[in-house]
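The values are calculated or read from the model by the stated rules, or taken from the named source; none is laboratory data. Note that this is a predicted model, so its numbers are computed, not measured. Cβ placement follows ideal geometry from the backbone for every residue including glycine, while neighbour counts extend to all protein chains displayed.
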Amino acid sequence: MTSHPFVAMNNIGKSFNGVPVLKNVNLEVEKGEIHALLGENGAGKSTLMNILGGVHQPDSGQIFVKGEEVAMTSPHVSQAQGISFIHQELNMVGDLRVYENMFLGSEIRNRIGILNVEEMCRQTHKILAELGVTINPKEYVRNLATSYKQLIEISKALLHKSQLIIMDEPTTSLAEHEVSRLFELMRNLKKSGVSIIYISHKLKEIQEVCDRYTVLRDGQLVKTDVMQNENLEVITKLMVGKSISQERYVHEHSFGDLALEVEGLSSTGLFKGINFTVQKGQIVGFTGLAGDGRTELFESLFGYRKKYAGTVKVKGKVVKINHPRKALKAGLGYVPKDRKENAIIKDLSVIHNMSLSSMGNFERMGFIQDKKEQQKFNDYKKLLNIKVHNPRITIDKLSGGNQQKVIIAKWLEAETDILIFDNPTQGIDVGAKQEIYQQILALAKLGKAIIILSSEAPEVMRICHNIHVMYHGEITARFTGDEANEEEIMHYATGAKKEGEKIG
Amino acid sequence: MANIDAKEYSPESSSMKSRLSWLWSEYSVIIAFVIIYIAASAMNPRFLDLNNQLNILMQVSIIGIIALGMTVVMLSGGIDLSVGSVLALAGVVSVLALNASGSILIGVFTALLVGAFAGFLNGLMVAKGRIASFIATLGMMAGARSIALYIAEGGSVSGEVSGFTAIANSDFWIFDFPVIIFFAMAVLIYVLMHKTRFGRYVYALGSNEKAAMLSAIRVDRIKIGVYTLIGTLVGVAAVIETSRLNSISSSSSGAQYELDAIAAVIIGGTRMTGGRGKIIGTIFGILILGILNNMMNLMNVSPHLQGFVKGLIIIIAVVFQKRE
């Protein structure tokens, strides 16, 4: 080919605070190509894309758009070159309407500056229809589900006639049918000559939709190649630098007494008729798609939500849990999803985050004993392999995996016997994921009853003894870990199949 | 992998620059205090006079006691606008109790009780009623002042028990009693915030309320405790205020105290949204305000212009803190 690629990034280097994040990275994206950018968290994907998007300036290297060198000095320059960046965190204004968000900053006005609402609505409607969604352009964005917000972000990129769209993990909040719709759309875009850089951890998706891939590891280019016929395991190996087994971790072993019995738990509009039990040493998984009500179910069980009916028995005794404090007293611990919002207290030190739920263990005559806290933390640091030099720094300075371990330590210190993990490996890179799994298994071996909520079926399949699939607030199927397969779980999770109760 | 590790796990060793910025963010208010102190001594030799210095301490003690409570409220993510009005109400009611009973002890306890009860009501509104603290305490500010005016029929009430004035007008060694009470309260609140679980919970709640609740903290009770605490401290301040002149005005006592207290907390580096800040910072914040007032008086700056200077200092303080 004599023609230039749409975008070429040559020998890009970048350091933050003297730490090199990118080293001589090359990336070429052809016109009308879907290019997967792969790598663990911290491999440098985001930095590379932020350089392309004009957010960061490279220390070395050049960027060419259609063969001409461009200095991406600001996001505006990048946008003017036809590059749109759809961030993982959506940039939507909830209190504005759909069309107002779509045209934010580029409103259509008539000669005297009055907004042409009808025209903006018409164009919004047209683009959304192309994506196969019908949303009233005058609807407020705050009333929409996350997946729709995602689609509106994409529509916005289309509206601006972007020639290259960078999508950073766009499918995390999408249901399966929405994902397939997105892929359909991506293929259509490709046909019309738009290029896409696609960042995702879900390798299966990538294989389905991408033409070529580039793998980064530790800020260096590992490989760029054509996607077709490539083995997923090979790619995973390239990403982590070693092979990660996809085998099941758990093997059957005998469980202890019943730890938790839940009967007929219901909450209007959230979930209904939930029955399940967990034994000591058992790992029970709950999976389903976004909006299946599993998070709400366990937030209720933990007493964060108060309006629910049904019986909960802990170790055979009926308990009434209407506040997390009561849950803790009953022996429940909860490692919530969205760690930053729900789990860590970012202004408190690592040690103080660990001791937060069990202050009584560190007090003498009402005063906190710093030394005791420090000693206890050192124990957990060894036990859970928490990597931190100085535990007096605030917890937000730690990597996601280490933060998660501190939260686990918090519930261990509170001496809870039943541990609920919601999305335990969210935002944690592949290597640290394995470690979290090992820790959870070790806890089960110690006789803790474990509940894991995850939207990723393979995750629950690998570490759970029993799996419950939820759809629209109901348990639609139950599997044992070894008989479950991803396809069947998906059938029940999407509501395609629904058997009353596959009681087992 | 080594590079990534270094970046994630040891930010404290990353560079000299971050160390300096840490020093600044932790101690900026003390540095500012030293600069202002030196500037004040250079500008007016009378400033360094021991009596003048003690006078400054005496003048800041009432607002200082309130500012300690305000620090706790603001660390929890709230604000209390009602302190000035509650001070007037507590003062008026306590003088009536004092005169009726003839007992100083009963007078003092009444002030503490009225303050604590008003604070408790604020706490209930914020924690159980889920009313924004700004609004709940704005309501209390109007309500408490109104009741004080009603009880005192719009005027002042004076104590009729001899010995009551001794509380604010005695001294021990070189320090006036109010200054000693201020320091004692400061030590108490410092210990409360840094050595007990209550303090830890307040920081946690101010930083991330949902995470605090999901950590099995009884967030509602802590909030009620926080507002009751500041109410009680306002009661202490009311006793001093009343005892100083043996009378309290239902219309003017405590007016704008909330602004001075909030200013001291902000200058002291506490974050408006909660979760971050220090009692020590507030103490230096109140001292900075006291020195500025004193300087302006010594230099015969028009009292009408003093508010302007105060406003300027608050804004400069916040601008510098934003730099972090």
*asked:* Anything in the stretch A:400-427 that is over 22 Å from A:Leu260 (Cα atoms) and buried (at least 22 other Cβ atoms within 10 Å of the Cβ)? List them, or say none.
replied: A:Gly401, A:Asn402, A:Gln403, A:Gln404, A:Lys405, A:Val406, A:Thr425
*Restricted to the stretch A:374-399, and to residues that are of a type in the set (Val, Ile, Thr) and surrounded by fewer than 21 Cβ atoms within 10 Å (Cβ to Cβ), which residue is farthest from A:Pro424 (Cα to Cα)?*
A:Ile393
*In the stretch B:126-134, is there at least one residue being touching a Lys or Arg at 6+ places or on another chain (Cβ under 7 Å), touching a residue at least 12 places away in the same chain (Cβ under 8 Å) and part of a helix (DSSP H, G or I)?*
yes
_Among the residues of the stretch A:368-385, are any of a type in the set (A, V, I, L, M, F, W, C) and either within 25 Å of A:Lys315 (Cβ to Cβ) or touching a strand residue (DSSP E or B) at 6+ places or on another chain (Cβ under 7 Å) (or both)?_
yes
*Give the residue that is surrounded by the most Cβ atoms within 10 Å (Cβ to Cβ), with candidates limited to residues of the stretch B:93-122 that are out of contact with any Phe, Trp or Tyr (no Cβ under 8 Å at 6 or more places or on another chain) and of a type in the set (Phe, Trp, Tyr).*
B:Phe117
_Testing B:Gly275 on (1) closer than 30 Å to B:Gly143 by Cα; (2) surrounded by fewer than 24 Cβ atoms within 10 Å (Cβ to Cβ); (3) more than 14 Å from chain A (Cβ to nearest Cβ), one condition comes back false. Which one is that?_
(3)
*Assess whether B:Val92 counts as being under 30 Å from B:Glu160 (Cα atoms) and touching a strand residue (DSSP E or B) at 6+ places or on another chain (Cβ under 8 Å).*
yes
*Consider A:Met72 carefully, then state whether it is assigned to a loop (DSSP other than H, G, I, E, B), in contact with an Asp or Glu (Cβ under 8 Å, 6 or more places away or on another chain) and at pLDDT below 90.*
no
*Please work out which residue is nearest to A:Thr416 (Cα to Cα), limiting yourself to the stretch A:438-481 and to residues that are of a type in the set (Ser, Thr, Tyr) and crowded, with 19+ Cβ neighbours inside 10 Å.*
A:Ser454
*asked:* Would you confirm, using the coordinates I've provided, whether B:Ser302 is buried (at least 19 other Cβ atoms within 10 Å of the Cβ) and polar (S, T, N, Q)?
replied: no
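For residues that are of a type in the set (Ser, Thr, Tyr) and modelled with pLDDT of 85 or more, scanning just the stretch A:93-139, find the one that is surrounded by the most Cβ atoms within 10 Å (Cβ to Cβ).
Only one residue tops the list, namely A:Tyr99.
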_Leading residue by the ranking (modelled with the highest pLDDT) among those in the stretch A:8-28 that are in contact with a Lys or Arg (Cβ under 8 Å, 6 or more places away or on another chain) and among the hydrophobic types (A, V, I, L, M, F, W, C)_ = A:Leu22
_Condition first: assigned to a helix (DSSP H, G or I) and over 27 Å from B:Ala39 (Cβ atoms). Can you find one or more residues in the stretch B:270-285 that meet it?_
no
*If you go through the stretch B:145-172 one residue at a time, how many are over 21 Å from B:Ala255 (Cα atoms), part of a loop (DSSP other than H, G, I, E, B) and touching a helix residue (DSSP H, G or I) at 6+ places or on another chain (Cβ under 9 Å)?*
6
*Given the structure, is A:Phe85 at pLDDT below 90, more than 14 Å from chain B (Cβ to nearest Cβ) and over 30 Å from A:Val215 (Cα atoms)?*
no
*Being closer than 27 Å to B:Lys278 by Cα and outside any loop (DSSP other than H, G, I, E, B), is that true of even one residue in the stretch B:90-110?*
no
_If B:Val191 satisfies all but one of (1) within 14 Å of chain A (Cβ to nearest Cβ); (2) assigned to a helix (DSSP H, G or I); (3) surrounded by 21 or more Cβ atoms within 10 Å (Cβ to Cβ), what's the number of the condition it fails?_
(3)
*Out of the residues in the stretch B:231-253 that are part of a helix (DSSP H, G or I) and hydroxyl-bearing (Ser, Thr, Tyr), state the one that is nearest to the other protein chains (Cβ to nearest Cβ).*
B:Thr232
*Residue within the stretch A:376-384 that is facing chain B (nearest Cβ under 9 Å) and not hydrophobic (A, V, I, L, M, F, W, C) present*: no
*Filter result (more than 8 Å from chain A (Cβ to nearest Cβ) and farther than 23 Å from B:Ala116 by Cβ) within the stretch B:195-230*: B:Glu209
*Failed condition for B:Thr228, given (1) within 24 Å of B:Met58 (Cβ to Cβ); (2) in a helix (DSSP H, G or I)*: (1)
*Kindly indicate whether A:Ala43 is at pLDDT below 90 and surrounded by 13 or more Cβ atoms within 10 Å (Cβ to Cβ).*
yes
*Within the stretch A:60-89, can you find the residues that are surrounded by 14 or more Cβ atoms within 10 Å (Cβ to Cβ), over 24 Å from A:Lys340 (Cα atoms) and of a type outside the set (A, V, I, L, M)?*
A:Gly61, A:Phe64, A:Lys66, A:Pro75, A:Ser78, A:Gln79, A:Gln81, A:Gly82, A:Ser84
*asked:* Taking the conditions exactly as written (among the polar types (S, T, N, Q) and either in contact (Cβ under 8 Å) with a residue 40 or more places away in the chain or within 14 Å of chain B (Cβ to nearest Cβ) (or both)), does A:Gln207 satisfy them or not?
replied: no
*Please work out if B:Val226 is crowded, with 24+ Cβ neighbours inside 10 Å and either touching a helix residue (DSSP H, G or I) at 6+ places or on another chain (Cβ under 8 Å) or on the phi > 0 side of the Ramachandran plot (or both).*
yes
*asked:* I'd like the full set of residues that are more than 15 Å from the chain's Cα centre (by Cα) and among the charged types (D, E, K, R), limited to the stretch A:442-470.
replied: A:Lys445, A:Lys448, A:Arg462
*Mind checking which residues of the stretch B:124-144 are crowded, with 18+ Cβ neighbours inside 10 Å and either at pLDDT below 95 or within 17 Å of the chain's Cα centre (by Cα) (or both)?*
B:Ser133, B:Thr137, B:Met141
*List the pairs whose first member sits in the stretch A:320-345 and is closer than 22 Å to B:Ser207 by Cα and within 7 Å of chain B (Cβ to nearest Cβ), whose second member is acidic (Asp, Glu) and outside any loop (DSSP other than H, G, I, E, B), and whose Cβ atoms are under 7 Å apart, counting only residues at least 6 apart or on separate chains?*
A:Pro336/A:Asp422; A:Ile344/A:Asp396
*Give the number of residues within the stretch A:346-358 that are surrounded by 21 or more Cβ atoms within 10 Å (Cβ to Cβ), in contact with a strand residue (DSSP E or B) (Cβ under 9 Å, 6 or more places away or on another chain) and more than 9 Å from chain B (Cβ to nearest Cβ).*
1
